[in-house]
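**Student:** I have a structure here, written as structure tokens, and I will follow up with some questions on it.
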Amino acid sequence: MAFLDDHYLLCGATSEDIYGQIRDLPIIDAHNHCDVKALSENRHFTDLWEAEGATDHYVWECMRKAGVAEEFITGSSRSNREKWFAMAEAFDRLAGNPTYEWIHLDLKRRLGIDELICKENAAVIWEKSMEILQKPEMAQQSMIRQMKVEVMCSTDDPLDTLEHHKALQTTMGSTVRPTFRPDRAMNIFKPDWKDYMERLGSRWNTPIRRLEDLLAVLRKAHDFFAQFGCRASDHGLNVPYAHQVAPAAAAAIFSRAMAGQALSEQETRDYMAFMLNEFAELDAEKGWVFQMHIGAVRDVRASLYEQIGADAGGDLSDHLTDYLSPLLPLLNRFDGRLKTVLYNMNPIHNATLAQLTRAFGYTVSLGLAWWMNDSYQGMKTQLEYAGSVDLLSNMAGMVSDSRKILSYGSRHEMFRRTLSNVLGGMVDRGQMPKSVADRLAAWLAYGRPKQLFGF
Amino acid sequence: MAFLDDHYLLCGATSEDIYGQIRDLPIIDAHNHCDVKALSENRHFTDLWEAEGATDHYVWECMRKAGVAEEFITGSSRSNREKWFAMAEAFDRLAGNPTYEWIHLDLKRRLGIDELICKENAAVIWEKSMEILQKPEMAQQSMIRQMKVEVMCSTDDPLDTLEHHKALQTTMGSTVRPTFRPDRAMNIFKPDWKDYMERLGSRWNTPIRRLEDLLAVLRKAHDFFAQFGCRASDHGLNVPYAHQVAPAAAAAIFSRAMAGQALSEQETRDYMAFMLNEFAELDAEKGWVFQMHIGAVRDVRASLYEQIGADAGGDLSDHLTDYLSPLLPLLNRFDGRLKTVLYNMNPIHNATLAQLTRAFGYTVSLGLAWWMNDSYQGMKTQLEYAGSVDLLSNMAGMVSDSRKILSYGSRHEMFRRTLSNVLGGMVDRGQMPKSVADRLAAWLAYGRPKQLFGF
Amino acid sequence: MAFLDDHYLLCGATSEDIYGQIRDLPIIDAHNHCDVKALSENRHFTDLWEAEGATDHYVWECMRKAGVAEEFITGSSRSNREKWFAMAEAFDRLAGNPTYEWIHLDLKRRLGIDELICKENAAVIWEKSMEILQKPEMAQQSMIRQMKVEVMCSTDDPLDTLEHHKALQTTMGSTVRPTFRPDRAMNIFKPDWKDYMERLGSRWNTPIRRLEDLLAVLRKAHDFFAQFGCRASDHGLNVPYAHQVAPAAAAAIFSRAMAGQALSEQETRDYMAFMLNEFAELDAEKGWVFQMHIGAVRDVRASLYEQIGADAGGDLSDHLTDYLSPLLPLLNRFDGRLKTVLYNMNPIHNATLAQLTRAFGYTVSLGLAWWMNDSYQGMKTQLEYAGSVDLLSNMAGMVSDSRKILSYGSRHEMFRRTLSNVLGGMVDRGQMPKSVADRLAAWLAYGRPKQLFGF
């Protein structure tokens, strides 16, 4: 079997047959970090580094780990061409990591470039890609269509005017939808939180002085997002504090913070928990999906954060993060009336999380293996375990979480192949009939996200 | 390969050959939740829902997760027939979960019904089963004999008069044995604990006023259980508090609780730890097996607990539960003189627990993958890991933990096939000779529990 | 396939081909507990128990777990022959544990004895081995050469005069190198710590009265080790306390301890953290590799510790051990300027640790599956997961950690076969080209440790 050939990640005739049935289904990608502006402008990528490296901290981390100097990764002194060459030279050392597979898949499937990425081929790939990327069918909207993306949801701040989403409706209908991501309104511990309140008030022509002002503005933004086809909110949380806090107590903490007073850790948590419950309430009212991405411990490597900033690499997860005590109050409060999806970043949380979603029935679902779990290994482990405890049919389906358009297809391909591998294995072990596996594969690859999010 | 055919869960000729040697060995099932009264009355099941769904919260959770309304699960407004139809209609959505396999196996092996459970077949299966379940060989005692159950141990409160066990001795000899499960005497934090003290005193004609009265009564019950062939106690514990507490201190806590005074968390733990050590002492004296089922966090979903009560679903486990600090004092105190079996509910505890049982030598054994670990996936993961750290030959063997008689055979079949898969894999990888694997398979499937429990 | 034949642990033609390319590469074993004195004397093993059982607590624990009485394991009342017979008799019950494979491999590969270890063969193996062990080629230095050991690093206290290392330079060149392991200088909580200060002062003719004296002496020892080809330090830590403590604060704690005053837990941790940072600084200056073996909870079984002492078995690891908070300060302080290798003992730490090493780039590497992870199962799990998150090419390569010379070859064979299995699996799934896997295999089996440690 050869690298990335038709058998890639499949484990025999059964899984190959299953994959054959789902490979060409449209893509629904309910969570990613797409650059909506670039997409609405239907831009072309200037070069391969811009398309593959410039916006993707997964690539940066792999390059650092392979010993590439920072100037060839995020430095301003080096050209995109030099960065591509540095990446190609180091690429052998990435083998085994999904980034090695994704980027090869991107080249192969999207650009039709079959060469192995390595020092020897760096120049030829660069030249070929420069030519290909300028072709009309390589405009970003064309790429999205070629990948059969039926729906893709960006991640947006309540500040956002969604003008690019609006523009895209003309050319792409309801394909590109926003997701309501109000982390900055919740992250009261951040130095720029007060400034953010100011900006949010301006955006919505409502000076924010008290907590009720903030809640009113957020509701306006939530309503506004709905007009653009938004069907979900998303929340990035290290620990998912979600205990019940009285509005008056939350309002007092809010006022203290606005007055510039320091908050205790408990006050910070109380405020965050209160807000998370408010966001859940908004989603419950509209029947949106409430997504929690849990467990990212961010910016632990000081040198990166100081030199480059957030989302530069230097993020990880801790298996000691508590899920149960913080989450139970919210899950009980909204029991049966809020579509909830839980994503975990540390595979050690797979078990507790699958048992938790099992306990809370139909409306609480596992999100697919996220971030560092998003690999053949990570997805297979999660699917096999979660299937044994929870129901596969209740999972939320694949989201790419990708920061670059070129890789949507590759991410979903890796998922669909892994899913076919897992289900094919179950059929081959006599654990379910092939016909049932066929339906389950199509359901998780397409039907389920469509039904869950209501696209 | 077809669904549940002869190759089910086996991974090639070696594992098939191993399974062929153990498939027909008698069953020893040292821990389950059998309805002894129904068995002693040699009842027939009225219908398929009573046999498969009515008593099994695994089924309930899967149905909820598949979107079935509660009235079709535990509601009193729906007939058993309606519930069966609701289950059959949803059954496709359970694929991947062991419940999907177990119930199909039950129908196939016990009732001779080969149809796939689904909406289309709901009626035909119901009709067939109504007829079959009334046949003489479907009386519960006959079923037990057909499954070749040599020993099965129920789970019983010290209050129990064991009259049904007594009755069963006439018809089934020493097949059905009680297990001493004194959780209620330990759970001083529960609202009905004081009432339980009252009932326990009445049962044993010994008013319980002081701790020493309770200990005397428990010893009487322990002796009484011994007369019915009991060879083990069992203890359900979230955190296994087992530190050493002076009798006088425990007696003072006991007296405060009896006087209706509120206990601190530490007092509650101290009392529970003291009692657990006392139970261990009773078992050590008689050479019984001391079983701890650790890590169930119960009744987290408030709506279920309030509407249905305990054991309704809504239970899970937390990977953050501490095993080491609480358990070490007991393991050291009873080192070498108490047969101990430790069961964990969260697979994340597999590693620490296997290393712990390794450290404490011959008398401390791993129990097989429990509750949510009890699946092909869960057992395989545990066996492969535990074998690499601890000794497979020292494990305690399979227990079904089942709440329904019809499924004993299926549970043990899944275990025996998984065991054959794991050992066959080891032989195929050259890690042990086939002859050694053959002996180990028969040992774990039958010889080991017989020897460990002394049946 | 037969027990330990050529296909052992390999999963098809691809992995067999990969293994064929690395099986005969020289061995670099950068961490073990070799008896340097015995090696420098080029001793023969008196018998099979001395070679295989006498120094290896892995064997002891397996024997206890299999029910062998302690007198036949560590007792002084039984002869080596009796102990070997006890082990052989119990050996069947070890199947599945890597010790079962390692000892069979040792006999097969080193002594040319093919018999299965069991009761029936105990005598014949003993007789054969007595003859073989006395042959000239069974002298310890010859064994090392036959196993193609290019470099092996012992584990040595700063007290050590390294006379045996010196002697070995004459006969074996730079093959045998010391590793700087100053745990005893750090373990201020141990009762013999003050006595150790005394001994260390004497060794280096520098009375140790203040912290700065200790630091000066440790620097002298560090320099001295360098003369003997030392290229690494090693640190055994339960929790890796590594926060930043001011020198004056550390000096005050030191002085209090020297004055016989009791330290608080926080003081103990502060001192240990300070010292760990100092050791890191020494390594950073010389470009050595800083190795941390994290997570061993030692001597939990009181009966063993009281009767036999440390390293008797009774050690384990706890999945609840915190890695992140303690380690981050050190990793940030030495970011980019200290070659660091992190080893974990509990597989539950694989995920957090792989994500941590990913975050800190090129100079921070994962050590291979250690102690209870050191098995086919443990290594495969780690390699597959770590490869999906971190880079395989950045891992530190195999170390045996072995307490007996006879087993170096078997340990490295098990690793190389497992590595070939993992990489062969990736090639077979189309995740990397065969040529890339070939290079990666040779790199991890030989090139990487050579480059990392600078041998």
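All of the numbers you see were taken from the coordinates with simple rules; none came from a lab. What you are looking at is a predicted structure, and each value in this text was computed from that prediction instead of being measured. In this analysis, Cβ positions are derived from the backbone assuming ideal geometry, glycine residues included, and neighbour counts consider all displayed protein chains.
**Student:** Evaluate the charge dipole of the stretch B:46-137 about its Cα centre and quote only its size in Debye, nearest 20, assuming +1 on the Cβ of each Lys and Arg and -1 on the Cβ of each Asp and Glu.
**Tutor:** Using only the charged Cβ atoms, the result is roughly 80 debye.
**Student:** How far apart are the A:T46 label points across copies, placing each 7 Å from Cα toward Cβ, in nm, shortest first?
**Tutor:** 7.7, 7.7
**Student:** With the Cα gyration tensor of the protein assembly as shown giving a ≥ b ≥ c as the square roots of its eigenvalues, does the rule (a/c under 1.5 for rounded; else a/b larger than b/c for prolate; else oblate) give rounded, prolate or oblate? Could you put the intermediate results ahead of the total?
**Tutor:** Values: a/c = 1.32, a/b = 1.00, b/c = 1.32.
Rounded is the answer for the protein assembly as shown, as its axis ratio a/c remains below 1.5.
**Student:** Compute the separation of the alpha-carbon centres of the stretch C:1-51 and the stretch A:269-309 and state it in Å as a whole number.
**Tutor:** With the stretch C:1-51 and the stretch A:269-309 each reduced to a Cα centre, they are spaced 50 Å.
**Student:** Which log10 I(q)/I(0) values, to two decimals, does the stretch A:300-362 give at q = 0.28 Å⁻¹ under the Debye formula with one point per Cα?
**Tutor:** These q points yield log10 I(q)/I(0) values of -1.19.
**Student:** For a quick check: with amide H placed at 1.01 Å from N, whose amide H comes under 5 Å from A:V149's, ignoring anything fewer than 5 positions away on the same chain?
**Tutor:** Here the answer is A:I27, since their amide H atoms fall under 5 Å of that of A:V149.
**Student:** Here are some pairs, A:K434/B:K37; A:K166/A:K404; B:K83/B:K220; A:K380/B:K190; which of them have Cα atoms lying more than 32 Å apart in this structure?
**Tutor:** A:K434/B:K37; B:K83/B:K220; A:K380/B:K190
**Student:** Hey, if you put +1 on the Cβ of every Lys and Arg and -1 on every Asp and Glu Cβ in the protein assembly as shown, which of C:N42, B:L9, B:M130 ends up farthest toward the positive end of that dipole?
**Tutor:** The Cα lying farthest towards the positive end belongs to C:N42.
**Student:** Say a label goes 7 Å from Cα toward Cβ at C:E281 in every copy; what distances in nm does this one have to the rest, shortest first?
**Tutor:** 5.5, 5.5
**Student:** Calculate for chain B the 222 nm mean residue ellipticity that helices alone would give, adding -39,500 (n - 2.57) per DSSP H run of length 4 or more and normalising by residue count, nearest 500 deg cm²/dmol.
**Tutor:** Roughly -14500 deg cm²/dmol at 222 nm, from the helical runs in chain B.
**Student:** Inside 10 Å of the C-beta atoms of C:60-67, what's the mean count of C-beta atoms belonging to other chains? Mind showing how you got there, number by number?
**Tutor:** On the way: counts 1, 7, 4, 3, 9, 13, 5, 6.
Partner-chain Cβ atoms within 10 Å, mean over residues of C:60-67: 6.
**Student:** So the label point goes 7 Å from the Cα of C:D192 along Cα→C-beta, right? Which residues of the stretch C:277-300 then have their backbone N under 19 Å from it?
**Tutor:** From the stretch C:277-300, the list is C:298-300.
**Student:** A follow-up question, please. About its Cα centre, what dipole magnitude does the stretch C:325-455 give when the only charges are +1 on Lys and Arg Cβ and -1 on Asp and Glu Cβ, stated in debye to the nearest 20? Please report the intermediate quantities before stating the final value.
**Tutor:** On the way: 15 positive and 8 negative charges, 57 e Å.
Taking the Cα centre of the stretch C:325-455 as origin, the dipole is about 280 debye.
**Student:** Quote the convex hull volume per residue of the stretch C:324-455, based on C-alpha atoms, as a whole number of Å³.
**Tutor:** 111 Å³
**Student:** Given the Cα-Cα distance of A:S303 and A:K220 and 0.36 nm per residue of separation, how much length would full extension add, in nm?
**Tutor:** 26.0 nm is the gain from fully extending A:S303 to A:K220.
**Student:** Report, for A:A442, each distance to the same residue's label point in the other copies, shortest first and in nm; define the point 7 Å along Cα→Cβ.
**Tutor:** Reported distances to equivalent positions: 5.0, 5.0 nm.
**Student:** Mind checking the alpha-carbon convex hull of chain A and giving the volume per residue in Å³?
**Tutor:** Numbers: hull volume 64.0 nm³, N = 455.
It comes to 141 Å³ per residue, whole-number rounded.
**Student:** Under 1.5 on a/c is rounded, so check that first for the stretch B:200-244, then, if it is not, pick prolate when a/b is larger than b/c and oblate when it is not; a ≥ b ≥ c are the square roots of the alpha carbon gyration tensor eigenvalues.
**Tutor:** oblate
**Student:** Still on this model: What FRET efficiency comes out for C:A13 versus C:K108 if R0 is 25 angstrom and r is the Cβ-Cβ distance? Round to the nearest 0.05.
**Tutor:** Working: r = 24 Å, r/R0 = 0.94.
In this case the efficiency is close to 0.60.
**Student:** Once both labels are modelled 7 Å past Cα along the beta-carbon direction, what's the B:D311-C:E281 spacing in nm?
**Tutor:** Simple spin-label model gives 6.3 nm for this pair.
**Student:** Okay, moving on. Let me spell out the model: positive unit charges on the Cβ of Lys and Arg, negative unit charges on the Cβ of Asp and Glu, origin at the Cα centre of the protein assembly as shown. What dipole size does that give, in debye rounded to 20? Before the final figure, lay out each step's value.
**Tutor:** On the way: 150 positive and 180 negative charges, 69 e Å.
Dipole about the Cα centre, nearest 20: 340 debye.
**Student:** Stokes-Einstein diffusion coefficient for the stretch C:46-137 at 25 °C in a medium of 0.890 mPa s, Rh from the Kirkwood formula over Cα pairs: what value in µm²/s?
**Tutor:** My calculation gives 188 µm²/s for D.
**Student:** A further question on this structure: What average number of partner chain Cβ atoms lie no more than 10 Å from the Cβ of the residues making up B:359-366?
**Tutor:** 6
**Student:** Next up: In B, who owns the beta-carbon nearest the axis carrying B over to A, and how many Å from it?
**Tutor:** Axis-proximal residue of B, distance in whole Å: B:I348, 3.
**Student:** I need the shape label for the stretch A:90-153. Rule: rounded when a/c is under 1.5, else prolate if a/b > b/c, else oblate, with a, b, c from the alpha carbon gyration tensor.
**Tutor:** Verdict is oblate for the stretch A:90-153.
**Student:** FRET efficiency for B:A442 and C:E115, Cβ-Cβ distance as r, R0 = 22 Å, nearest 0.05?
**Tutor:** Once rounded, the FRET efficiency stands at 0.40.
**Student:** Now for a separate question. For peptide B:438-448, how many partner chain Cβ atoms fall within 10 Å of a residue's Cβ, on average?
**Tutor:** Mean partner-chain Cβ count within 10 Å for B:438-448: 1.
**Student:** Give the value in nm², to one decimal: projected area of the alpha carbon convex hull of the stretch A:207-333, averaged over all directions.
**Tutor:** The Cα convex hull of the stretch A:207-333, projected and averaged over all directions, gives 9.6 nm².
**Student:** What list of ³J(HN,Hα) values in whole Hz, one per residue of the stretch B:31-48 in order, does the Karplus curve 6.51 cos²θ - 1.76 cosθ + 1.60 (θ = phi - 60°) give from phi, with Gly and Pro shown as x?
**Tutor:** So the J values, rounded to whole Hz, are 8, 8, 10, 4, 8, 5, 4, 4, 5, 5, 7, 6, 5, 9, 6, 5, 6, 5.
**Student:** Using alpha carbons only, how many angstrom separate the centre of the stretch C:392-455 from the centre of the stretch A:113-161?
**Tutor:** 36 Å
**Student:** I'd like the FRET efficiency for C:R209 and C:N238, computed as 1/(1 + (r/R0)^6) with the beta carbon distance as r and R0 of 30 Å, rounded to 0.05.
**Tutor:** 0.55
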